[in-house]
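Working notes, structure below.
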Amino acid sequence: MVTIANRIDLGITRIEKQISEKMLAPEKLAHMHNTFNVSTDEYVIFQELKSAVTGVILTLEESHTIYGYLGNTAESFNRQPIAVKVAITKTMKEIMERF
């Protein structure tokens, strides 16, 4: 069975490659990782926004992908790899810019 990768997964893969190619120092990666942490309020906005645009901007699969990476709390999202945090944050920014 062939599945088509969604834009979220493709974005994560692209960002992972960019990070790998730049060979950033561990301190720089740690700083970037902390920069993309979200507060509880931001986490709630991400969840609500994701739900509001499912079927309009995001496919159901993309929405489920984001849901899985967001996890159950802001803290669970904040523990995600940097590429995931960047891709999800970038997606949310792009969605917000449409409104």
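The values are calculated or read from the model by the stated rules, or taken from the named source; none is laboratory data. Bear in mind that the values here come from a model prediction, so they are computed numbers and not experimental data. Ideal geometry is used to build each Cβ from the backbone, glycine not excepted, and the neighbour counts take in all protein chains shown.
Please work out which residue is nearest to Gly68 (Cα to Cα), limiting yourself to region 14-57 and to residues that are under 15 Å from the mean Cα position of the chain (by Cα) and among the acidic types (Asp, Glu). Ranking the candidates gives Glu48 first. Of the residues examined, Leu60 is one that is over 20 Å from Glu16 (Cβ atoms) and not polar (S, T, N, Q). Going by the conditions given, is Leu10 surrounded by 12 or more Cβ atoms within 10 Å (Cβ to Cβ), free of Cβ contacts under 8 Å to residues at least 40 places away in the same chain, of a type in the set (A, V, I, L, M) and in a loop (DSSP other than H, G, I, E, B)? Considered against the rule, which asks whether it is surrounded by 12 or more Cβ atoms within 10 Å (Cβ to Cβ), free of Cβ contacts under 8 Å to residues at least 40 places away in the same chain, of a type in the set (A, V, I, L, M) and in a loop (DSSP other than H, G, I, E, B), Leu10 comes out as no. The set of residues in region 39-63 that are in contact with a strand residue (DSSP E or B) (Cβ under 9 Å, 6 or more places away or on another chain) and surrounded by 12 or more Cβ atoms within 10 Å (Cβ to Cβ) comprises Lys50, Glu62, Ser63.
Here Ala87 qualifies as surrounded by 18 or more Cβ atoms within 10 Å (Cβ to Cβ) and either in contact with a Ser or Thr (Cβ under 9 Å, 6 or more places away or on another chain) or at pLDDT 95 or above (or both). Listed here are the helices (runs of 4 or more DSSP H) enclosed by region 24-99 that have at least 3 residues being within 22 Å of Asn6 (Cα to Cα) and free of Cβ contacts under 8 Å to residues at least 24 places away in the same chain: 40-53, 60-70, 82-97.
Confirm whether Ile82 is under 17 Å from Ile12 (Cα atoms), surrounded by 16 or more Cβ atoms within 10 Å (Cβ to Cβ) and touching a His at 6+ places or on another chain (Cβ under 7 Å). Spelling it out, Ile82 is indeed under 17 Å from Ile12 (Cα atoms), surrounded by 16 or more Cβ atoms within 10 Å (Cβ to Cβ) and touching a His at 6+ places or on another chain (Cβ under 7 Å).
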